[in-house]
Amino acid sequence: MTSLRFLLVLIGCLVASEAFAHPHVWVTARSELVYGPEGRMTAVRHAWTFDDMFSSFATQGLDADGDGKLTREELAPLAEVNVTSLAEFKFFTFGKFGDKRVVFDTPVDYWLESGPQGALTLHFTLPVKDNAPAKGEPFRVEVYDPTYFVAFEFAKEDPARIVSAPAGCGVELERPKAPDAEQSKKLSESFFSGLSPGANFGAQFSNTLLVACR
């Protein structure tokens, strides 16, 4: 089964040469920060909708019964491979508080759905494995691809929410500044191939969920 990363590379090879710059894939995201009975974050639930080109390419040959519709069952193998391959990139999700990092576990409750226009949406839940912020402690969850191969933009409406949080807690979304025209011209394949391993270039385009409690 094709991995998500391999699909991304293939799609990158399909674009015209003048467009050979990052990013190659675009995702519209919505996220929920889920709390447990002790008032601490226990999981992050994501819903990521991929752009039309990626969705079309990734679903070729998956309509097993030929009815023109893709069911959750038909998409299940692709969903499993997608969340498995994303482990290498820490699921593009980075929880932080102070100088500490939240450790996430293997995804659960994951599936893909195909929307009315064919856009794929990947749903998955990242349980907190270790180092959850204490009750009432401010923290942030950043969503980005360190390599900037995938660009994340949170939805205009209802982009993020907290679930079962203690009274007085809220979340705000801090959107990244888009690269200007001059900067975009520099984001070529040669530029990214010249970056040192672990350069974390995409961090500057992070969407950051800021959580604070009164």
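What follows is calculated from the coordinates using simple rules that are stated; it is not laboratory data. A quick note: this is a predicted structure, and the numbers were derived from the prediction, not measured. Because the Cβ atoms are built from the backbone with ideal geometry, glycine has one as well, and the counts that use them run over all protein chains shown.
Once the C-beta distance of ALA119 and ALA212 is scaled by a Förster radius of 45 Å, the resulting FRET efficiency is 0.85 to the nearest 0.05. Neighbours of THR121, meaning other residues whose beta-carbon lies under 13 angstrom from its beta-carbon, give a summed charge of 0 when Lys and Arg score +1 and Asp and Glu score -1. The calculated 222 nm mean residue ellipticity attributable to helices in the chain amounts to -5500 deg cm²/dmol, summing -39500 (n - 2.57) over DSSP H runs of n ≥ 4 and dividing by all residues. Report the local net charge at ASP65: Lys and Arg +1, Asp and Glu -1, summed over other residues whose C-beta lies under 12 Å from its C-beta. Summing Lys/Arg as +1 and Asp/Glu as -1 gives -3.
Against the chain, whose longest principal axis is taken from its Cα atoms, helix 72-85 shows a tilt of about 70°. Each 5 Å bin from 0 upward holds the following percent of the Cα-Cα pairs of the chain: 1, 6, 14, 18, 18, 16, 12, 8, 4, 1, 0. Across the options ALA167, TRP111, VAL141, the greatest Cα extent toward the positive end of the charge dipole of the stretch 59-214 (unit charges at beta carbon of Lys, Arg, Asp, Glu) belongs to ALA167. Place a point 7 Å from the Cα of GLU73 along the Cα-to-Cβ direction; which residues of the stretch 103-145 have their backbone N under 17 Å from it? Answer for this model: 111-114.
When each of the peptides 182-188, 83-89 is scored by the mean number of other C-beta atoms lying within 10 Å of its residues, the order from highest to lowest reads 83-89, 182-188. Given +1 at the Cβ of Lys and Arg, -1 at the Cβ of Asp and Glu and no other charges, the dipole of the stretch 55-95 around its Cα centre is 260 debye to the nearest 20. Mind jotting down the distance between the C-alpha centroids of the stretch 144-214 and the stretch 20-83, whole Å? Computed from Cα coordinates, the inter-centre distance equals 18 Å.
Compared with the alpha-carbon gap, the fully stretched path from ASP109 to ALA178 is longer by 21.6 nm at 0.36 nm per residue. The alpha carbon radius of gyration of the stretch 127-166, expressed as a multiple of 2.2 N^0.38 Å, is 1.51.
Return the subset of LYS100/LYS129; LYS69/LYS90; LYS129/LYS156; LYS156/LYS186; LYS90/LYS186; LYS90/LYS185 for which the Cα-Cα distance in this structure is over 24 Å, preserving the input order. LYS69/LYS90; LYS129/LYS156; LYS156/LYS186; LYS90/LYS186; LYS90/LYS185, as the Cα separations exceed 24 Å there.
Counting only Cβ charges, +1 for Lys and Arg and -1 for Asp and Glu, the dipole size of the chain around its Cα centre is about 840 debye. Evaluating 6.51 cos²θ - 1.76 cosθ + 1.60 at θ = phi - 60° for every residue in the stretch 110-117, the Karplus couplings come out as 10, 6, 10, 10, 10, x, x, 9 Hz, glycine and proline recorded as x.
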